[in-house]
Amino acid sequence: VFSHVVQAPEDPILGVTVAYNKDPNPIKLNLGVGAYRTEEGKPLVLNVVRRAEQMLVNDQSRVKEYLPIIGLSDFNKSSAKLIFGADSTAIQENRVTTVQCLSGTGSLRVGAEFLARHYHEHTIYIPQPTWGNHPKIFNLAGLSVKPYRYYNPQTRGLDFQGLLEDLGAAPSGAIVLLHACAHNPTGVDPTLDQWEQIRQLMRSKGLLPFFDSAYQGFASGSLDADAQSVRMFIADGGECLAAQSYAKNMGLYGERVGALSIVCKTADVASRVESQLKMVIRPMYSNPPIHGTPGDWSHIIKQIGMFTFTGLNTEQVAFMTREYHIYMTSDGRISMAGLNSRKVPHLADAIHAAVTS
Ligand code: PMP
C-alpha cells in the first residue's frame, strides 16, 4: 500500500550533516548545521551544562512523573524573565502566558497552531530570506505565508526601505515574524532606531509581532541587549508572541528545551489563552520532556509468558528486597502472576530507586 511513496528530498540544513557523515575523506569540514564545535571539530558541551547534569544525577529526590501539559512552571517563569526582562510590567501584571515547548521549532509550531485557531488574520509575513523551516512550520499550521523584503544583496545589509514598504502594504492585523536578534541566515539585524520605526509602523497598522528568539546572547554577548527588540514591543503594552530556543545559547541541541510566550492585554485574557494552548499541545505531544529514566524498559511489554526478565542485576535485586521487601530470583526475573495492580506503584518505586541509586 505504500509502494507509490516517492523519495523525499533531504532537509536542506540537516541533510548537509547526512552528506558530511557519509564522506570518508579526513579533510572534511561541516559548515552546515549551526552547532558549536571544539577546535577538533567535536561537539561542545558547556561546563555549566555538565555541572547541572551532575547535580541532576546526584539528586535522589527527583522523580520521573509527567510534567504538566505546559511544562515546568519555574522554567516558564525564568524563560519569560530572560526575554522580557526581570522587571517587565507585562509579567508583573500577569499578562504573559508561557508554555514549555519542544525547543524553538516546537514553540513556533504551537504558536502558529494557536493563531490558526484563535486569531482572525491567517497571513504571516516572514523575512526574505529566513530560516528554511519557517515557511513549512507556518504552512502546516494552516497559516498563509508571504515574504517581506529584508536583505539587500548589493549592500549585503538590511533592505530597510523594502521592509517598511512591504509591512506598510500588509493587511492590518497580519502576523509578522521577526528574528529577535542575529537574523538567520543573513546575520543582519535592524539598529535600535530602525526597530523603533518598525514597531511604530506595526503598531499603527495593528500588525501582530511573532518573535523568533533562537540566539539570545549571541548577537552582542549580552542577554539583555539581545532582547531589546522584543522589549520595545512589550513596553508599549501591546500584544506579542515570542518563541525561545535554548538549543544554541545553552548548547542544548538534543534536549529540545524551549518556550512560547504570548503577551496579552489583560491577565484574564492570558489565562484563557493558556487554556487554549493546552488544547493545542495535549493532542500533539501531551507534555514536554523532563529527564529520561535510565534504561529502556520496553522489554516489559514485549516479553511474553508468566515472567518478565527485568534486566535488574543481583545487587539491585538485593537492594529491592532489603529496602522495599520485594522478593524475586537474584537473576532479576519477576513472576507477573505475583503482581497485582495495587502493588504496581510500589514495585515501580523500588525499580526506580534500584536503577538510580
Ligand atoms: N529559529 C531560527 C531562526 C533558528 O535558526 C533555529 C535553529 N536553527 C530555530 C528557530 C529552532 O531550532 P530548535 O528547534 O533546534 O530550537
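The residue pairs whose first member lies in region 268-290 and is outside any helix (DSSP H, G or I), whose second member is modelled with pLDDT under 95 and among the hydroxyl-bearing types (Ser, Thr, Tyr), and whose beta carbons are closer than 6 Å, counting only pairs six or more residues apart or on different chains, are 287/66.
Scanning region 1-43 for residues that are of a type in the set (Ser, Thr, Tyr) and away from the ligand (no atom under 16 Å from the Cβ) yields 3, 20, 38.
Got at least one residue in region 52-65 being closer than 22 Å to residue 214 by Cβ and without any contact (Cβ under 8 Å) to a residue 12 or more places away in the chain? Within region 52-65, one or more residues are closer than 22 Å to residue 214 by Cβ and without any contact (Cβ under 8 Å) to a residue 12 or more places away in the chain. Considering region 134-146, the residues that are under 19 Å from residue 180 (Cβ atoms) and of a type outside the set (Val, Ile, Thr) include one that is surrounded by the fewest Cβ atoms within 10 Å (Cβ to Cβ), namely 135. Quick one: which of 35, 8 is hydrophobic (A, V, I, L, M, F, W, C) and at pLDDT 85 or above? Exactly one of 35, 8 is hydrophobic (A, V, I, L, M, F, W, C) and at pLDDT 85 or above, namely 8.
Residues in region 160-202 that are modelled with pLDDT of 95 or more and farther than 23 Å from residue 238 by Cβ: 161, 162. Filtered by the rule that a residue be within 13 Å of the ligand (Cβ to nearest atom) and part of a helix (DSSP H, G or I), region 134-154 gives 134, 135, 136, 137, 138.
Looking at residue 157, is it in the same structural domain as residue 107 (by TED's automatic domain parsing), at pLDDT 95 or above and either surrounded by fewer than 17 Cβ atoms within 10 Å (Cβ to Cβ) or within 16 Å of the ligand (Cβ to nearest atom) (or both)? So residue 157 fails the test. The set of residues in region 87-105 being within 21 Å of residue 274 (Cβ to Cβ) and either of a type in the set (D, E, K, R) or part of a loop (DSSP other than H, G, I, E, B) (or both) consists of 88, 93, 94, 95. Restricted to helices (runs of 4 or more DSSP H) entirely inside region 162-249, those with at least 3 residues that are of a type in the set (A, V, I, L, M) are 192-205, 228-235.
The listed residues are 98, 89, and the only one of them that is away from the ligand (no atom under 12 Å from the Cβ) and touching a helix residue (DSSP H, G or I) at 6+ places or on another chain (Cβ under 6 Å) turns out to be 98.
Taking the listed residues 77, 22, the one that is touching a Ser or Thr at 6+ places or on another chain (Cβ under 9 Å) and of a type in the set (D, E, K, R) is 77, with no other qualifying. Entry remark, region 166-183: residues being under 14 Å from residue 149 (Cα atoms) and surrounded by 14 or more Cβ atoms within 10 Å (Cβ to Cβ) number 8 in total. Inspection of region 111-133 identifies at least one residue that is surrounded by fewer than 19 Cβ atoms within 10 Å (Cβ to Cβ), assigned to a helix (DSSP H, G or I) and within 12 Å of the ligand (Cβ to nearest atom). In region 210-269, of all residues being among the basic types (Lys, Arg) and within 10 Å of the ligand (Cβ to nearest atom), the one that is nearest to residue 99 (Cα to Cα) corresponds to 256.
The values are calculated or read from the model by the stated rules, or taken from the named source; none is laboratory data. Nothing here was measured: the structure is a model prediction, and the numbers come from that model. Counting neighbours? That spans all protein chains shown, and the Cβs are built from the backbone with ideal geometry, glycine included.
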